[in-house]
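Asks: Input: one structure, supplied below.
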Amino acid sequence: MRIPARALTVVFVVLIIIGIGASTARFAQVDEGQRGIIITQGAVTGIQEPGIFFQPFAPFTRVEIVNVRRQTREVTQNVASSDKQLYDIAIQVDYIRNPAPAALTASYGQIGVYDEDLHAFLDGFISDALKSASTQYTLDQVLADRGSLSNRITQLLTTAGDGRPSPVDQLFVRLEAVKVLDIVVTDEYARLLSEKANLEVQIETEERRRQQIEAQQANNLFQAEQEAKVALTTERGRTDAALEAANRDAQVRAIQGRYWRENPELFELRQRELFVEMLKGGNLWFIDPNTNLTLLLNQMATGSPNAIPVQPVQPAPPAPEPAPTPNLGRRLF
């Protein structure tokens, strides 16, 4: 069976079209963490999200794959501190490309799609920020607080200045983190740091010793205060007891005085008893007329320390009798 010539022609034409379409078709697979930049005749015509890109009869179209994953750059540099100390510092900068279509389009036009080109630009900006930030801190401050230096570098990379966008905006990237990895100082400065550390240890030891002495002194003072309080309490107790005894004695004397005033006979009897007590020694007593005789006698009888001392006077010896005169005259009757 012969195939008609026209049919052969149609089949031949179809095969030619299929061949041309296959040869001019564009196919690309975009993985997660990547974006495809569709370029037609040198101009960006679109951004391909993760997935498969296929376009037939596109002889002047190509797809450039760009990395939008998180990347890390480590930079080591010799810098000078604000106190003129030289040291080596290593920092790590984590970043990603801005995945927005407009940012990818602009990045392709200015930097390209290769990470090596982006790293060259980024390393220059990091180096400049590191030099500028290091001159704003002393070496001691950097060693004591690395976070402050990291924050300052981050600020320099993300802040616009001189009418120009910030470094990260110029590179169309987003900064994720900045941290100081290592700081290497000179041998002379390391020796000074060692001496400083030893001095700080000595100062801390002396401070603890001073605190212990102060604590012991405070404890001794507390004990002295407690002993003083106990002594004061004891003395107050004795004073209160003495006052109470004196008060009771005064009350007893007041009762006795009232009782004597109400019983004159007993009062007279009491005076006589006191007089008898005074005259037991056979002494004579001279008493001021203004003296309260009853009070004086009572104090002397009771041995009160407030008794008014009265000096007894020994009685004068009797005068000798005159000798008898002889009777020479006449006896008178």
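Asks: Residues Leu171, Leu175, Leu156: which one is farther than 16 Å from Ser81 by Cα and within 34 Å of the chain's Cα centre (by Cα)?
Replies: Leu156
Asks: Is it the case that the stretch 131-145 has a residue that's closer than 20 Å to Val184 by Cβ, touching a residue at least 60 places away in the same chain (Cβ under 8 Å) and among the hydrophobic types (A, V, I, L, M, F, W, C)?
Replies: yes
Asks: Restricting attention to the stretch 40-60, does a residue exist that is outside any helix (DSSP H, G or I), modelled with pLDDT of 90 or more and within 27 Å of Asp123 (Cβ to Cβ)?
Replies: The answer is yes; a qualifying residue exists.
Asks: Name the residues in the stretch 29-57 that are surrounded by 17 or more Cβ atoms within 10 Å (Cβ to Cβ) and of a type in the set (A, V, I, L, M), would you?
Replies: Val30, Ile37, Ile38, Ile39, Ile47
The values are calculated or read from the model by the stated rules, or taken from the named source; none is laboratory data. Note that the structure is a prediction, hence the values are computed from the model and not measured. As a convention, Cβ positions derive from the backbone with ideal geometry for all residues, glycine included, and neighbour counts pool all protein chains shown.
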